[in-house]
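We did not get these values from a lab; they are worked out from the coordinates using the rules stated. Keep in mind the model is a prediction, meaning the values are calculated, not measured. With ideal geometry, Cβ positions are generated from the backbone for all residues, glycine too; neighbour counts draw on all protein chains shown.
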């Protein structure tokens with residue numbers, strides 16, 4: 001996998017995924033919400049996490065799913081449990097599945 005050039009003292013920038021994954025979008029939305037609730041810019045989160053702001057922006061938009069290590073690191077920065085981030089994303093996933101099922105039922109009925 002080709003990576004872009006690293007920024008000094010920051011992690012490598014991971015290229016954006018070609019296919020958008022709904023779970024990645026939901027996790028990104030949670031990360032975005034946590035950052036905004038704290039009044040942080042992407043640059044502030046990047047400095048606190050040691051991650052590149054472009055990478056964090058891609059994560060927030062669901063362009064890539066974070067690794068488990070990245071999820072743990074971000075949870076530490078936000079002072080939350082990684083399981084809380086995953087739980088919120090999973091709840092969104094279940095709601096989306098319910099909406100799809102209801103739409104299919106309405107279409108059939």
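A few points about this structure:
- Full extension of the chain between residue 91 and residue 20 yields a length gain of 23.7 nm, computed as 0.36 nm times the residue separation minus the alpha carbon distance.
- Estimated FRET transfer efficiency when R0 is 22 angstrom, pair residue 81-residue 61 (beta carbons, to 0.05): 0.40
- As a rough footprinting exposure proxy, the listed residues 70, 44 were ranked by other beta carbons within 10 Å of their own, and the order from fewest upward is 44, 70.
- Packing rank of 26-33, 91-98, 45-52, where each peptide gets the mean count of other beta carbons within 10 Å, highest leading: 26-33, 45-52, 91-98
- The calculated FRET efficiency for residue 69 paired with residue 99, based on their beta-carbon distance and R0 = 35 Å, is about 0.65.
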